[in-house]
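**Student:** If you scroll down you'll find the structure; I have some questions about it.
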Amino acid sequence: MKGPSADRRSRLKIAYFDCFAGISGDMTLGALIDCGADQAQLDAVVESLRLGDEVTVDVRRESRGHVAGTRVVVETRDRVERTVPKLRATIEKADMPATVRSRAINAINRLARAESEIHGVPEERVHLHELGGADTLVDIVGAFWLLHALEVDHCYASALPAPRGTKGDMPLPAPASLRVLAGTGAVLQPVNSERELVTPTGAAILAAGATFHRPAMSLHRVGYGVGAHAAPGNLLAVWIGEEATTQAGVTLIETNLDDMAPNLVAALSEDLMAAGALDVAVVPAVMKKGRPGHLLTVMAPPELVCPLTDHLLRHSTTLGVRVHQVDRVIAGRRVIEVATPLGNARVKVKELGGQAIDLTPEYEDCRRISREKGVDLREVMRVVADSARRQLGLG
């Protein structure tokens, strides 16, 4: 989700999806265009996917109650149902930025996995029915391409409304949406409604590209995407701005462990990180009566103090923990994509005062290139770092 001028920006640009009335693919497109993305980009998406004979895209202004926004209608002619392999192949053959392609395929894979689990058939034999058409491709690829065009580095999302009941013979929320969201950290909030509020496509876009958390941010603009249903307030809001992360409050959770095996302490640290800890440190210590032990410190965001403390008490031998509120000052950081002789790779850039001072190649990208090219990982990381330094003028 990074544009070509990302290396000239000094702060992380983010998008926050406020899904108070749910989310769908067309609402996402509308909200991003309402935020300032060029609607002509959707025509480029259709052309890139070679769907001009199947799809028409209509962009217009509409209101839902007292709020106006952008409505995007993706209509198909002579609907062609595609299997999962054909959906992937259509995206892989299209000319688009690498980050857009990878996130779009990620979203398709999540939909395929969900349908496979629901119907009990292998993914490659799944027929996505209403999700297998050209409109789904335009919604998914269009969403990530518009974010790329807006130069958004990272996305966040609010809690999602979860109605009860049925729509026809299907339960609400939609089974596919729930399967897609499972394990992503999405928060489902009960609401009184008899409509499908979170579509599988909308769920897949968030699952593949967003973190379910409301960040502190400096707001630049807000866009509203209008949903198909005429109910007042049927809108998706997207906030665009810069993440305010140079100074933030965190909580330190500490405890002493003197009767727990080191390998269990290591496993505990990994589990705490997976549960959302910002950092976990373990320091050898000498306890009372000369017993060897460990001082374990967990850095936690405020909203995760309770669950992380509960995890620590349940899964370690400690009888109690110490909790400290502290402030921290954070160096600026952003991620850029660098073209190298071995291929494109992402690089994390550290900044002070808006100026790049250091960088680190993204391990997963370098590992992928190493496997694809048969080049030693250390050499790949050196090439990527050198290319990034030249691009940033670090010498």
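The values are calculated or read from the model by the stated rules, or taken from the named source; none is laboratory data. These numbers were taken from a predicted model, which means no experiment stands behind them. Cβ coordinates were reconstructed from backbone atoms using ideal geometry, including for glycine residues, and neighbour counts include every protein chain displayed. Heads up: the accessible areas ignore ligands, DNA and RNA and are worked out on the full protein's heavy atoms, side chains in. Shrake-Rupley method; radii C 1.70, N 1.55, O 1.52, S 1.80 Å.
**Student:** Looking at S63 and the list (1) open to solvent by 40 Å² or more (accessible area, probe 1.4 Å); (2) in contact with a strand residue (DSSP E or B) (Cβ under 7 Å, 6 or more places away or on another chain); (3) in a strand (DSSP E or B); (4) in contact (Cβ under 8 Å) with a residue 40 or more places away in the chain, which single condition is not satisfied?
**Tutor:** Every condition holds for S63 apart from (2).
**Student:** When L29 is evaluated against the numbered criteria (1) open to solvent by 50 Å² or more (accessible area, probe 1.4 Å); (2) modelled with pLDDT of 95 or more; (3) of a type outside the set (D, E), which criterion, by number, is the only one it fails?
**Tutor:** Exception for L29: condition (1).
**Student:** Restricting attention to segment 155-181, which residues are modelled with pLDDT under 90 and within 20 Å of G276 (Cα to Cα)?
**Tutor:** Residues satisfying the conditions do not exist here.
**Student:** Sticking with this one: Which residues, taken from segment 99-143, are open to solvent by 10 Å² or more (accessible area, probe 1.4 Å), part of a helix (DSSP H, G or I), at pLDDT below 90 and over 15 Å from S24 (Cα atoms)?
**Tutor:** R113, E115, S116, E117, I118, H119, E123, E124, R125, H129
**Student:** Would it be correct to say that L313 is more than 30 Å from G69 (Cβ to Cβ), open to solvent by 20 Å² or more (accessible area, probe 1.4 Å) and not charged (D, E, K, R)? Steps first, answer last, please.
**Tutor:** On the way: more than 30 Å from G69 (Cβ to Cβ): yes; open to solvent by 20 Å² or more (accessible area, probe 1.4 Å): yes; not charged (D, E, K, R): yes.
Yes.
**Student:** Sticking with this structure for a sec: Being within 15 Å of I330 (Cβ to Cβ) and out of contact with any Gly (no Cβ under 6 Å at 6 or more places or on another chain) is the filter here, so list the residues in segment 346-368 that pass it.
**Tutor:** Within segment 346-368, K348, V349, K350, L352, G353, G354, I357, D358 meet the criteria.
**Student:** Still on this structure, I have one more. Criterion first (open to solvent by less than 80 Å² (accessible area, probe 1.4 Å), over 30 Å from S102 (Cβ atoms) and out of contact with any Cys (no Cβ under 6 Å at 6 or more places or on another chain)) does P301 satisfy it?
**Tutor:** So P301 does not fit the description; no.
**Student:** Find the residue count for segment 161-173, including only residues that are surrounded by 19 or more Cβ atoms within 10 Å (Cβ to Cβ) and either outside any strand (DSSP E or B) or touching a residue at least 40 places away in the same chain (Cβ under 8 Å) (or both).
**Tutor:** Kept after step one, since they are surrounded by 19 or more Cβ atoms within 10 Å (Cβ to Cβ), are these residues of segment 161-173: 161-163, 172-173.
Subset that is either outside any strand (DSSP E or B) or touching a residue at least 40 places away in the same chain (Cβ under 8 Å) (or both): 161, 163, 173.
Count: 3.
**Student:** If a residue counts only when it is open to solvent by 80 Å² or more (accessible area, probe 1.4 Å), at pLDDT 90 or above and within 24 Å of H324 (Cβ to Cβ), which strands (runs of 3 or more DSSP E) contained entirely in segment 216-288 have at least 2 such residues?
**Tutor:** By residue number, 279-286.
**Student:** Which condition breaks for R221 when tested against (1) charged (D, E, K, R); (2) closer than 24 Å to R179 by Cα; (3) in contact (Cβ under 8 Å) with a residue 60 or more places away in the chain?
**Tutor:** Only one criterion in (1) charged (D, E, K, R); (2) closer than 24 Å to R179 by Cα; (3) in contact (Cβ under 8 Å) with a residue 60 or more places away in the chain is unmet by R221, namely (2).
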